[in-house]
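Structure record follows, encoded as structure tokens.
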Amino acid sequence: MEIANIPFWDFFGVWVAALLTLFIFSFLYKDNPFYKFAEHLFVGISAGYFVGYYYYNVLLPNFWEPFYYQGRYEYLIAVILGITILFRLSRKQAWVSRFGFAFVIGCGAGINFIAYLQSNALAQIYGTITPLVSLVSGEGGILVDWKNTVFNLVAIIGVCSALTYFYFSKPHKGFLGGVARLGIWFLMISFGASFGYTVMARISLLIGRMHFLIFDWIETTINVINGNIAIGSTF
Amino acid sequence: MKKQFPLAIVFIAGMIFIVQFFSPAFTPIQERFTHWYIVVAVFAFVLGLANLTRLNLQKIHRQQEGWIYSIPLLIGLAGMALCSFIFGIEEGPFVWLFNNMMLPMSATMFSLLAFFVASASYRAFRARHKEAVMLLVAAVIVMLGQVPIGSAGFMEHLRLSDITQWIMAYPNMAGQRAIMIGAALGVVAISLRILLGIERAYLGED
């Protein structure tokens, strides 16, 4: 029988991952030193990850390449603006950071103004404007597609009533109150559906972690102990 | 200088992005500003990083409560950053650390919420009024609709997975769409306030 081989660092990695997973799950009992260790390590590792990510994927292509290889020295302005942000660490000179933040906030506001207006406001309004009566061509001529008609009406009434709920310039009484109440129902269904989806996503992650612990960690370790899998020396 | 100059920067930077939408003459400067924006935003991350490091070093130096946990934080931060600079981010120790430490811890942290969601569900799903019943019914249908029992053929024309799809495509979409439109109008309003210098909270105190 041919014995499977697992690289040492892969096997070691599985153990590290398994122990860290158990450290975090230990929080289910109560807050404890193992959880705190894993929690702080996670923060450090995540911050370190983004250092590498931003350096290679943001700074090199967006600053170093145009500045160093294309001789576009105006990119120094961006770095100077960036450095002003670091003045926030000083109590006396913190005001200098306003220049860098002003640039980021100004650009952000300009980008969001157009992006949100286009994709979240206008595109959603456009998507809501669907035929109130859906027609299909069949053997007997043009027929009403009742199913789609009802579904479209549900969507249109839902959007309009939920938007009415967010209209606070008039008290929600009478007809307006009734429509707003209908809007609340649609919003509650929406929240319920989102909640259900979130729960299932978390359960799916939990199943993934359990699968890892049982099959990748315990089963592999048992196989290594029984000699069914050999630990190699390669990476 | 301390207030008027930042307000001018905000106005010019923001207006470039808006005006280029109407006139292609401003597209080159908008593209340049986009690159600069990305670079300057990285320095905001550097600021956070410097603050995190400073706070944890202070904690260790002053031996404040829980200072011992600052050590793995700083080691993790320095280790991951050094690995990326020395070995790159495509292979080697950086990828090993990502696959065997960051990824499992991230997935486990989020999976922990599955347990806490159970207690949250108990509070949210107490059907005390009509609205709570709707939330409860929608959530239960969507949850069951995603597991095998939801697509089991015990009711040929009315499977839970089909009802889930319908809820997601119509009532849920209607609610989400209203929230998106409302939020978008809010973002547009706040962006205008910032560009016109009415909203100045980001300037901080004198």
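No lab work stands behind these numbers, since they all come straight from the coordinates. What you see is a predicted model, and the numbers here were worked out from it, not measured in a lab. Backbone-built Cβ (ideal geometry, glycine too); neighbour counts: all protein chains shown.
Note on the range B:6-59 and the range A:1-52: Cα centroid distance 35 Å, given to the nearest whole angstrom.
Over all directions, the projected convex hull of the C-alpha atoms in the range B:1-87 averages 9.5 nm² in area.
Note on A:Asp145 and A:Leu76: the model spin-label points, each 7 Å out from Cα along the C-beta direction, lie 6.3 nm apart. Cross-link partners of A:Lys30 among lysines, defined as those whose alpha carbon lies under 30 angstrom from its own and excluding same-chain residues fewer than eight positions apart: B:Lys59. Working from label points 7 Å from Cα in the Cα-to-Cβ sense, the A:Leu19 to A:Ile125 distance is 5.9 nm. Angle between the Cα long axis of helix B:171-195 and the longest principal axis of chain B, 0 to 90 degrees, nearest 10? The angle comes out at about 20 degrees. Based on every Cα atom in chain B, Rg and the maximum pairwise Cα distance Dmax equal 25.4, 73 Å.
Between B:Leu196 and B:Phe115, the C-beta separation translates, for a Förster distance of 30 Å, into a calculated FRET efficiency of about 0.05. Across all directions, the shadow cast by the convex hull of the protein assembly as shown built on its C-alpha atoms averages 33.8 square nanometres. Couplings for the range B:27-36, taken from phi via the Karplus curve 6.51 cos²θ - 1.76 cosθ + 1.60 with θ = phi - 60°, read 4, x, 5, 5, 5, 4, 5, 4, 4, 4 Hz in order; Gly and Pro are left as x.
With contacts taken as Cα pairs under 8 Å and at least 6 residues apart, chain B reaches a relative contact order of 16 percent. Between A:Ile229 and A:Val224, the built amide H atoms are under 5 Å apart, and every one of these is 5 or more places off in sequence or on another chain. Computed FRET efficiency, Cβ-Cβ of A:Leu89 and A:Tyr55, R0 22 Å: what is it to the nearest 0.05? My answer for the efficiency is 0.60.
Distances between placed amide hydrogens fall under 5 Å for A:Leu135 paired with A:Asp145, all partners being 5 or more residues away or on another chain. Given R0 = 41 Å, the distance between the Cβ atoms of B:Ile149 and A:Ser137 translates into a calculated FRET efficiency of 0.55.
Highest mean packing comes first when the peptides B:161-170, B:75-84, A:168-177, A:123-132 are listed by Cβ atoms within 10 Å, giving B:75-84, B:161-170, A:123-132, A:168-177.
Counting only alpha carbon atoms, the long axis of helix A:146-165 and the longest principal axis of chain A meet at about 80°. Rounded to the nearest 20 debye, the dipole magnitude of the range B:1-87 is 300 debye, with +1 charges on Lys and Arg beta carbons, -1 on Asp and Glu beta carbons, and the Cα centre as origin.
As a length-normalised measure over Cα pairs under 8 Å and 6 or more apart, the relative contact order of the range B:1-87 settles at 13 percent. Here's the picture: charge each Lys and Arg Cβ at +1 and each Asp and Glu Cβ at -1 in the range B:55-206, and of B:Ala169, B:Ile194, B:Leu57 the one pushed furthest to the positive end of that dipole is B:Ala169.
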